[in-house]
1. Taking the condition of being within 14 Å of chain B (Cβ to nearest Cβ) and either assigned to a helix (DSSP H, G or I) or within 18 Å of the chain's Cα centre (by Cα) (or both), how many residues in segment A:81-116 meet it?
2. Go through segment A:543-560 residue by residue and tally those that are surrounded by 22 or more Cβ atoms within 10 Å (Cβ to Cβ) and under 26 Å from A:Gly414 (Cα atoms).
3. Tell me which strands (runs of 3 or more DSSP E) are completely within segment A:339-454 and hold 1 or more residues being among the charged types (D, E, K, R), or say none if there are none.
4. State yes or no: is B:Gly81 farther than 30 Å from A:Asp455 by Cα and surrounded by fewer than 17 Cβ atoms within 10 Å (Cβ to Cβ)?
5. Please indicate, with yes or no, whether at least one residue in segment A:569-591 is within 30 Å of A:Phe611 (Cα to Cα), free of Cβ contacts under 8 Å to residues at least 24 places away in the same chain and in a helix (DSSP H, G or I).
6. Could you tell me which numbered condition B:Ala18 fails, if it satisfies all but one of (1) at the interface with chain A (Cβ under 9 Å from one of its Cβ atoms); (2) modelled with pLDDT of 95 or more; (3) within 30 Å of A:Gln165 (Cβ to Cβ); (4) in a loop (DSSP other than H, G, I, E, B)?
7. How many residues does segment B:23-56 hold that are farther than 11 Å from B:His96 by Cα and in a helix (DSSP H, G or I)?
8. When only residues in segment B:117-147 that are in contact with an Asp or Glu (Cβ under 6 Å, 6 or more places away or on another chain) and either in a strand (DSSP E or B) or more than 10 Å from chain A (Cβ to nearest Cβ) (or both) count, which is surrounded by the most Cβ atoms within 10 Å (Cβ to Cβ)?
Amino acid sequence: MAQLDSKIPEGDLKDKWTNYKEHQHLVNPANKRKIDIIVVGTGLAGASAAASLAEMGFKVKAFCYQDSPRRAHSIAAQGGINAAKNYPNDGDSVYRLFYDTIKGGDYRAREANVYRLAEVSNLIIDQCVAQGVPFAREYGGLLANRSFGGALVSRTFYARGQTGQQLLLGAYSALSRQIGLGNVEMHSRTEMMDLVIIDGRCRGIVTRNLITGEVSSHFAHCVILATGGYGNVYFLSTNAMGSNGSAAMKAYRKGAYFANPCMVQIHPTCIPQHGDYQSKLTLMSESLRNDGRIWVPKKKEDAEALRKGLKKASDIPDEDRYFYLEERYPAFGNLVPRDVASRNAKERCDAGFGVNSTGNAVFLDFKYAIERLGKNVVEQRYGNLFQMYQKITDTDPYKEPMMIYPAIHYTMGGIWVDYELSTTIPGLFAAGEANFSDHGANRLGASALMQGLADGYFVLPYTVQEYLADQFNVKRINPKENAEFQKAEKEVKDYIDKLMKINGKHSVDHFHKELGKVMWNDVGMARSKESLEDAIKKIQTLRAEFWKDVKIPGSKDGLNVELEKANRVADFLELGELIARDALHRNESCGGHFRVESQEEGEAKRDDDNFMYVGAWEYKGENQAPELHKEPLNYQFIKVQKRNYKTGK
Amino acid sequence: MAEGHKSLNLTLKVWRQAGRNAQGQFKEYTVKDISTEASFLEMMDILNEQLIETADPDGPVAFDHDCREGICGMCSLFINGRAHGPDDDITTCQLHMRKFNDGDKITIEPWRSGGFPIIKDLMVDRSAYDKIMQAGGFVSVSTGGVPDANAIPIPKPDADEAMDAAACIGCGACAATCKNGSAMLFVSAKVSQLALLPQGKAEAAKRAKAMVAKMDELGFGNCTNTGACELECPKSVSISHIARLNREFLKANVKD
């Protein structure tokens, strides 16, 4: 089995990536045409990788489950993208972005990867502007910036509240150009069902066409998974309905290690849940915390009156409002990192100060910003977010404060990759949210877009080429004439038959919702040994029930949405257990992972002596306990400290 | 959340069509106790759970959706004769049941446009929009070797107007609403966004010509300025962009 070699290049932190690029192996242009690359997923990481590799001369095949590559869930990112440009002259630098990201991640990410991320961040902004991405600008015509959580500088570039959309459409336009030129073969409405490994190397994938139901195989010299995060294991999340962890789980079962699965981000500012029929949660961008002030009533009787609808927020005078983030963390105030903001919201609600009819909400108030800046400025900055909030809740956030509550948003954990973004399976790479690499135990706001595009535009084009430098002699394989491909295809078909044959009583959503409840209650914002052990048992029972009692109507041939969902939920039922196991073994609190046993004066207590490592899980077979491998984190360039968001120094 | 949510009992008249070449027809279903706080698609989820439970011969209703927050452009649906239903400036997934009354009969149809063939029930094939984008909806720039992002100042009003156009989500409501089945609003949004920015200017005329030619080739109709597209666009993309497209298109033809 593969060893965990992170392959960090030698040299000073600042020189590692430069050294890597200067010494890497290249493929000559004539040989690039002989090489096929598969990219699964067309979000920021996938689309940018597919476009860049095709521009270089490789032959690319790209796959997505949506009807168009333009719809991947990167599109829903609202707030912005970080870069160390220091245009506002407020003291930013590559080092500071690197440092903030490592610290924000609670010292559980690799130094070299994060430094590279900060280093290429500036190139991303240049690239996007060149593509025609309409970033917000000042009246002088130069780019505008704003602040995000966990930073004391303004380094976030944005396009109104639709930054993810505009960046994705930029990558999609580059991808479209390459499709038009014939360099990328695009397969939409197609789901990856398995990987094909030949002689220890990943050589292709098996797919199901979601319209025709046809199962087929595709060869490539290497495969890149850019399939996003697995937040939907919790059923309710801010992810798209189709977002799933299946590609990652298929890779895991084929030998790719799964790193830090318990590190899941719970975003503090989402619209609270309102009913059992609810299908998803909607995020309100973190950028709102620039101008919105978070509070709950100081008096329990006020909270009760608010819950019963006997009082409105505007009835509570300023002196009776507890701006708990501003008071507890004066240096960062409302802009503390997400994990800190989420935990504090939960703490206040659990203590009986929550608002909304459920008691599970806090206020995010723009009254003060409107007084300070005027309604027009607030509207210019957040107009589309306010409109979205109003459409969903039927209340006007210009008049009444927003009500928000934490929700599952992003997964820092993912497929283990080394410095080259290579998984433990040679020839299989993972990029963007699908890998675990850069955010440690907590991701800072506006860093997901940065990482997705860094991986796709500026990392993979180098590291994939390094891998392929001795692969041009490998002749293209015709899957129809290859035993390994045929075997993999048959296994996929058998798996689909097995699902279809169950013909039980309950819909796929029934099981997904049950799983979501277990995950949220027992593997959510506060985790304990008891809750996690309990969760593992419940998930195992639920999984057995699923395989006995799920009902998938219709046929495997042709469009069958329930079959698509069943395939994804079957994987979630395994992934949920893996998350719980990882959370159980990590008996410390770090970033988004909070163990109730590990705290100090109400704050999370990290245990660097015992847990300063990446936990990477190896699949050992169906219903077998996976094996844990540890990649120690050696901080050579920064001093590991306790995270402090209370004082300025 | 808003006070006083209510429950609705509704009759749904839904277009069912087994496949692209199959004969379609309306079928009626009833759903009960739908909360006014639920979204329209959550109401459709409830209908589908019901159809699975009762083993309905047509199975659950197929419809496109993904992000459910109004940005991916995957959801569609004509609801009571309007693209994205009876509310303005939103997509179907953002429509909430409080817009309906107890006892309502709601008619639900797919996009009906020559350019968007039906795949199943309410799901249509919008790959034509991707093909139009592939014909020219980009700046011909490859990764790397580009100037600093602040090298070229762009006047804020131009950047803002480009952003207005770039807000297009490619959902297809414009072509589905247009009596001519024209995709001009979609095409103009991209042409206009890129023509407004210095980075896109070099290819502006060429881009307009290539995208319009592809639109024509794919069977979309011509624009007769009825303005219906602008009215139904969930992102309020203005038909003034069609005027800019026409100017760029004219320039390209004058040059030829």
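The values are calculated or read from the model by the stated rules, or taken from the named source; none is laboratory data. Only a predicted model underlies this, so the values are computations on that prediction, with no experimental measurement involved. Every residue, glycine as well, gets a Cβ built from its backbone with ideal geometry; the counts of neighbours run over all protein chains shown.
1. Here the count works out to 2.
2. The qualifying residues number 1.
3. Filter on segment A:339-454 gives A:362-365.
4. Working: farther than 30 Å from A:Asp455 by Cα: yes; surrounded by fewer than 17 Cβ atoms within 10 Å (Cβ to Cβ): yes.
So B:Gly81 passes the test.
5. Initially, segment A:569-591 is screened for residues within 30 Å of A:Phe611 (Cα to Cα), giving A:571-591.
With the extra rule that they be free of Cβ contacts under 8 Å to residues at least 24 places away in the same chain, the set shrinks to A:588-589.
Filter again for in a helix (DSSP H, G or I), leaving none.
The answer is no, given that none of the residues of segment A:569-591 is within 30 Å of A:Phe611 (Cα to Cα), free of Cβ contacts under 8 Å to residues at least 24 places away in the same chain and in a helix (DSSP H, G or I).
6. Single failed check for B:Ala18: (3).
7. 10
8. Once the filter is applied, the top-ranked residue is B:Met123.
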